[in-house]
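The values are calculated or read from the model by the stated rules, or taken from the named source; none is laboratory data. Bear in mind the structure is a predicted one, so any value in this text is a computation, not a measurement. Counting neighbours? That spans all protein chains shown, and the Cβs are built from the backbone with ideal geometry, glycine included.
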Amino acid sequence: MPLLDPNRPYTFSEIAKLRAPTDELLAEYGYSLERTLLDLPQYQGELERLQERGSRIKEILPYIDLTSEQSRREMLIAPLMSDLIHYTRAQLRIEYVLKVGNQLQGELDYLLRTKTNLLVVEAKHEDLTNGFTQMGVQLIALDQWEKSIPVEQQTKLFGAVSTGTIWQFGVLHRQRKLITQELTLYRVPTDLEPLMRIIVAALQSNE
């Protein structure tokens, strides 16, 4: 029995609420899942705001109530988006409406665009597992989007899901219709440097 009713539309957030196993849900769209440790490329140049950003986060964390999504978004995720624009000159779309079909539609929390597309999803209710599922489906939507960069020019689509203090990456291998889930979790502020270097490298990729 299929997880998705073919006769009804779904938004990205509704799909996440199904709480179905990620691999089974992605299979509904014809994509497979692989969980592994990835050696993701890291940008090797200078990130001159990195030390200051880390210090600011350490300073404010003891005084922030992170139980609300708005506080995590405004105090932890949005400042990193601002820094990424500074480093890469990426175009940022927030709550970007995307519709590929009745079962691939909704809002993308953050879409960073250079020569490549990179997706950042805020894990609702700090649920990283369902947040990754939602990110996977959104990556599939980007893969099939008519405005997406041709697969010959960008063979991989990168995504990240975040609770604000914890980040996890996923990579969609477009030709293989395979989504790889990175098992490493990056914590903010402890792992801020490798986290930012991975995202900057992805946005500067020449694929």
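Data table
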{"quantity": "Exclusive hit being over 28 Å from GLU46 (Cβ atoms) and within 12 Å of the chain's Cα centre (by Cα), set GLU122, GLU146, GLU126", "calculated": "GLU122"}
{"quantity": "Selected residue (only one of THR129, THR114 is within 20 Å of LEU172 (Cα to Cα), at pLDDT below 95 and in contact with a Leu (Cβ under 8 Å, 6 or more places away or on another chain))", "calculated": "THR114"}
{"quantity": "Pairs, first more than 15 Å from PRO194 (Cα to Cα) in segment 45-68, second hydroxyl-bearing (Ser, Thr, Tyr) and at pLDDT below 95, C-beta under 7 Å, six or more apart", "calculated": "ILE64/SER71; ASP65/SER71"}
{"quantity": "Yes/no for LEU183 being touching a strand residue (DSSP E or B) at 6+ places or on another chain (Cβ under 8 Å), surrounded by 17 or more Cβ atoms within 10 Å (Cβ to Cβ), among the aliphatic types (A, V, I, L, M) and touching a residue at least 24 places away in the same chain (Cβ under 8 Å)", "calculated": "no"}
{"quantity": "Positions within segment 149-165 being of a type in the set (A, V, I, L, M) and over 12 Å from the mean Cα position of the chain (by Cα), in sequence order", "calculated": "ILE149, VAL151"}
{"quantity": "Elements of type helices (runs of 4 or more DSSP H) contained in segment 1-112, each with 3 or more residues being out of contact with any Ser or Thr (no Cβ under 8 Å at 6 or more places or on another chain) and loosely packed, with under 12 Cβ neighbours inside 10 Å", "calculated": "50-60"}
{"quantity": "Any chance THR190 is in contact with a Leu (Cβ under 8 Å, 6 or more places away or on another chain), over 15 Å from MET81 (Cα atoms) and not in a strand (DSSP E or B)", "calculated": "no"}
